[in-house]
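These notes are about the structure you will find just below.
The values are calculated or read from the model by the stated rules, or taken from the named source; none is laboratory data. A quick note: this is a predicted structure, and the numbers were derived from the prediction, not measured. Cβ sites come from the backbone with ideal geometry, for glycine too, and all protein chains shown count toward neighbours. Keep in mind that these areas ignore ligands, DNA and RNA; they rest on the heavy atoms of the full protein, side chains included. Shrake-Rupley method; radii C 1.70, N 1.55, O 1.52, S 1.80 Å.
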Amino acid sequence: MNIIELIKSRRTIRKFEQKEITNEQLINYIDAARVAPSAANLQPLKYYVVNSPQNNARVFENVKWAGYLAPEYNPKEDERPMAYIVVCVDKNISKNAAETDVGASVENIILSALSEGVGACWMGAIDRKAIAEIIGLPENLEISCVVALGYPKENPREVELTESVKYYLDKDTLCVPKRKIDEVLIKTI
């Protein structure tokens with residue numbers, strides 16, 4: 001699969017097989033994040049790997065799932081993520097434009113995971129204070145987001161956006177509306 005096909009096949013995964021993800025895999029995804037573009041090349045992002053059943057359960061309790069379909073579509077016990085990467089900003093380095101850096105680095109995490117068949121859910125609806133306590137976050141770091149990871153137990157599909165941006169279930173398949181290219185491309189000059 002080439003990079004364009006990989007990008008277009010990417011969907012947010014919220015239900016996962018209970019198959020181990022190794023620390024080596026997770027560190028490789030962070031290594032891909034590390035080389036993402038960074039404003040003024042300041043590189044203020046730091047990462048925590050959460051990859052133990054006990055800590056995974058603690059993080060799970062502090063994230064929100066599938067807002068349009070919650071709580072019915074929340075992952076059940078045998079569908080939960082197998083690992084998390086907590087993305088942090090080092091305020092001693094920079095806080096300006098960090099969200100741009102986060103976007104680039106998280107996309108690298110997601111795509112590098114997907115290249116190995118690992119699905120991801122990029123999460124911003126999280127209890128940052130509780131997660132900070134779980135990981136022992138020092139004061140100079142601020143949690144931006146969490147990426148939940150695991151081998152997919154679902155196969156969401158893209159559908160044409162008609163009336164609503166809300167994703168929905170069609171039988172057991174999660175459908176994700178996306179705008180057509182002619183709606184987002186203003187013009188070529």
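Observations, loosely collected:
- Of the residues Arg179, Arg157, the single one that is of a type in the set (Lys, Arg) and touching a strand residue (DSSP E or B) at 6+ places or on another chain (Cβ under 7 Å) is Arg157.
- The residues on offer are Leu137, Leu149, and the sole one that is in a strand (DSSP E or B), of a type outside the set (Ser, Thr, Tyr) and open to solvent by less than 70 Å² (accessible area, probe 1.4 Å) is Leu149.
- Of Glu72, Glu24, Glu99, all but one fail to be surrounded by fewer than 15 Cβ atoms within 10 Å (Cβ to Cβ) and outside any helix (DSSP H, G or I); the exception is Glu72.
- Annotation for the stretch 162-184: at least one member residue is in a loop (DSSP other than H, G, I, E, B) and on the phi > 0 side of the Ramachandran plot.
- Filtering the stretch 91-147 to residues that are free of Cβ contacts under 8 Å to residues at least 24 places away in the same chain and not basic (Lys, Arg) leaves Gly103, Gly124, Ala132, Glu133, Gly136, Pro138, Glu139.
- Qualifying position, being of a type outside the set (Gly, Ala, Ser) and surrounded by 12 or more Cβ atoms within 10 Å (Cβ to Cβ), among Lys129, Lys187, Lys178, Lys171: Lys178
- Restricting Pro44, Pro53 to residues that are at pLDDT 95 or above and surrounded by fewer than 16 Cβ atoms within 10 Å (Cβ to Cβ) narrows the list to Pro53.
- Residues in the stretch 152-167 that are touching a Phe, Trp or Tyr at 6+ places or on another chain (Cβ under 7 Å) and surrounded by 14 or more Cβ atoms within 10 Å (Cβ to Cβ): Pro152, Lys153, Tyr167.
- Restricting the stretch 66-88 to residues that are out of contact with any Lys or Arg (no Cβ under 6 Å at 6 or more places or on another chain) and of a type in the set (A, V, I, L, M, F, W, C), the residue that is nearest to Arg34 (Cα to Cα): Val87
- When restricted to residues that are among the polar types (S, T, N, Q) and without any contact (Cβ under 8 Å) to a residue 40 or more places away in the chain, the stretch 17-62 contains 7.
- Checked against the criterion of being farther than 18 Å from Leu26 by Cα, charged (D, E, K, R), out of contact with any Phe, Trp or Tyr (no Cβ under 7 Å at 6 or more places or on another chain) and surrounded by fewer than 22 Cβ atoms within 10 Å (Cβ to Cβ), the stretch 110-125 contains not a single residue that satisfies it.
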